[in-house]
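Below is one structure, written out as structure tokens; the observations come after it.
The values are calculated or read from the model by the stated rules, or taken from the named source; none is laboratory data. Just so it is clear, the model here is predicted, and its values are computed rather than measured. Cβ placement follows ideal geometry from the backbone for every residue including glycine, while neighbour counts extend to all protein chains displayed. Just so you know, the surface numbers come from the protein's heavy atoms only, side chains and all, with ligands and any DNA or RNA stripped out. Shrake-Rupley method; radii C 1.70, N 1.55, O 1.52, S 1.80 Å.
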Amino acid sequence: MRIPIPFTKGKVVDLSVKQVDTLYSLDTHRPIGLDIIGFDSFGTANQSEQTLIDTGYGSNVTAYAIIKKIAQTGADIPKILIDENDPDEIITEGEVYDMLQRPAIYQGETLSQFDYFENLITFLLSSGNTYQKGLASVGFGDIWQKMEILPSGKTTPNAGNSYLSPVQSYQFTDKSAQFNIGVEEILHTKYINPTSLGLNTLEGLSPLQAAIFALTGSTDIQKAISIMVKNQGARGVLTNKSDRSLKEGEAKILSDRANEKIRGIKNFAKVHVSNTEMDYLQIGMNANDLKVIESGVLTDRQLCNAYGVSSRLFNDPANSTFNNMKEANKSLYTEATIPACNKLLEDINFGWLGQWSLRDGKRYKWVLDTSSIEALQADQAEEATKDKTVLEGINIVVNMPISDEGKKELLVNTYGLSEEMASTVVNTQTNE
């Protein structure tokens, strides 16, 4: 479609839709529009996950701080081993317990429980995927004795020819070679990814990909702040107001002297003075520059939203009261840390410890022990108070001078007990 546009002096402007060669389809295994919005290097990356890790977690201070905080708080929560056949008894010895004390290897280093979960959560939050290769020992059959964490940005699922097909195998791209790993050797944990990229590659969706525009804006603002500070030499220049032009040599000399005296952090907030009739030109940061810096709070909040954490935990000056900070710390666990840990543990329990359960005739389960988390103790205290109140109320009902049927009806309607439970409580009290 070609139509005249006002203020173009009769020129015809072509508004037809064209293919933009800097946009990448999700089918290409690269994020969309990254060349246009400032991440030029994304277009040449072999895998979007690694580039997101490099450009997000590795280069954006806000993304790094969010992921690090969730990963370390998750790694710090105690994990206990139980047999679901006897869930009240915590397992503190034995072959499986000993195995879980140093459960994994990453880049040839044996990891503690803390390091194991810190690595897994970091990969999951930055790339949307974790890949663990089960390692069996000679003489122990096919049961995995330890897990090897594979870099998420270098590991790719090999998809089938149908959107309904499962992963066929996994491809790991090493420094000098590529090789495939069988599905039965890999424990793959991922975030749901219903995008075209996810349907085609069977990879999880990285929160950094979902928040790509916020990530780009945050990174650009951080770059802008760095440039502003770097360029903050003199606040202004007093300069020649006469009409006499300078000769080429004189201009170069003045330029070199100005650069020497004005540029650099050592001249921050100074004013350079020339030795002639003077006028003042401001060259420092103006109000618009300050607005650019302030807008960084908005992009940082969007990144926090992508991870389900409060921006108050990351130096957001708004609403940072004591009560808000308490709620922010609580939501860090309930909305971000615990869900991420449970997602990983679900796959570990099913794919890894399930092998040991079959061997030993048990139902091993690795679970979080949140009883020592201070931010959650207030809720637990409230629940304990509520339970105590309910028990006291039930006791009052069963001791009322009314019929047993009346007591049962009160227990069901007032305290939500089932009819069977209400009957048991009343009958027990009557027998006593």
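Residues in the stretch 159-171 that are open to solvent by less than 80 Å² (accessible area, probe 1.4 Å) and free of Cβ contacts under 8 Å to residues at least 40 places away in the same chain: G160, S162, S165, V167, S169, Y170, Q171.
Go through the stretch 98-121 residue by residue and tally those that are of a type in the set (S, T, Y), surrounded by fewer than 24 Cβ atoms within 10 Å (Cβ to Cβ) and either in contact with a strand residue (DSSP E or B) (Cβ under 8 Å, 6 or more places away or on another chain) or within 21 Å of A63 (Cα to Cα) (or both). Step through it out loud before you land on a result.
As a first pass, look at the stretch 98-121 and keep what is of a type in the set (S, T, Y): 106, 110, 112, 116.
Those left that are additionally surrounded by fewer than 24 Cβ atoms within 10 Å (Cβ to Cβ): 106, 110, 112.
If we keep only those that are either in contact with a strand residue (DSSP E or B) (Cβ under 8 Å, 6 or more places away or on another chain) or within 21 Å of A63 (Cα to Cα) (or both) as well, we get 106, 110.
Counting residues in the stretch 98-121 that are of a type in the set (S, T, Y), surrounded by fewer than 24 Cβ atoms within 10 Å (Cβ to Cβ) and either in contact with a strand residue (DSSP E or B) (Cβ under 8 Å, 6 or more places away or on another chain) or within 21 Å of A63 (Cα to Cα) (or both) gives 2.
Consider the stretch 77-93 and keep the residues that are exposed (fewer than 14 other Cβ atoms within 10 Å of the Cβ) and not β-branched (V, I, T). The one that is farthest from R359 (Cα to Cα) is P78. Listed conditions (1) modelled with pLDDT of 95 or more; (2) in a loop (DSSP other than H, G, I, E, B) are all met by L124, apart from (2). Scoring Y131 on the criteria (1) open to solvent by 20 Å² or more (accessible area, probe 1.4 Å); (2) under 28 Å from A306 (Cβ atoms); (3) not in a helix (DSSP H, G or I) leaves a single failure, condition (1). List every residue pair whose Cβ atoms lie under 8 Å apart, where the two residues are 6 or more positions apart in sequence or sit on different chains, the first residue falls within the stretch 321-344 and is at negative phi and at pLDDT 90 or above, and the second residue, located anywhere, is of a type in the set (S, T, N, Q) and part of a helix (DSSP H, G or I). Qualifying pairs under 8 Å: L332/T73; Y333/T73; Y333/T370; T337/T73; I338/T370.
If you check N60 against the conditions, is it touching a strand residue (DSSP E or B) at 6+ places or on another chain (Cβ under 6 Å) and either surrounded by fewer than 13 Cβ atoms within 10 Å (Cβ to Cβ) or of a type in the set (S, T, N, Q) (or both)?
Values: touching a strand residue (DSSP E or B) at 6+ places or on another chain (Cβ under 6 Å): no; either surrounded by fewer than 13 Cβ atoms within 10 Å (Cβ to Cβ) or of a type in the set (S, T, N, Q) (or both): yes.
No.
Considering the stretch 172-225, and only residues there that are assigned to a loop (DSSP other than H, G, I, E, B) and more than 19 Å from L125 (Cα to Cα), the residue that is most open to solvent (accessible area, probe 1.4 Å) turns out to be K175. Selection of the stretch 93-115 for residues being touching a residue at least 40 places away in the same chain (Cβ under 8 Å), part of a helix (DSSP H, G or I) and either within 21 Å of P339 (Cα to Cα) or of a type in the set (S, T, Y) (or both) yields only D115.
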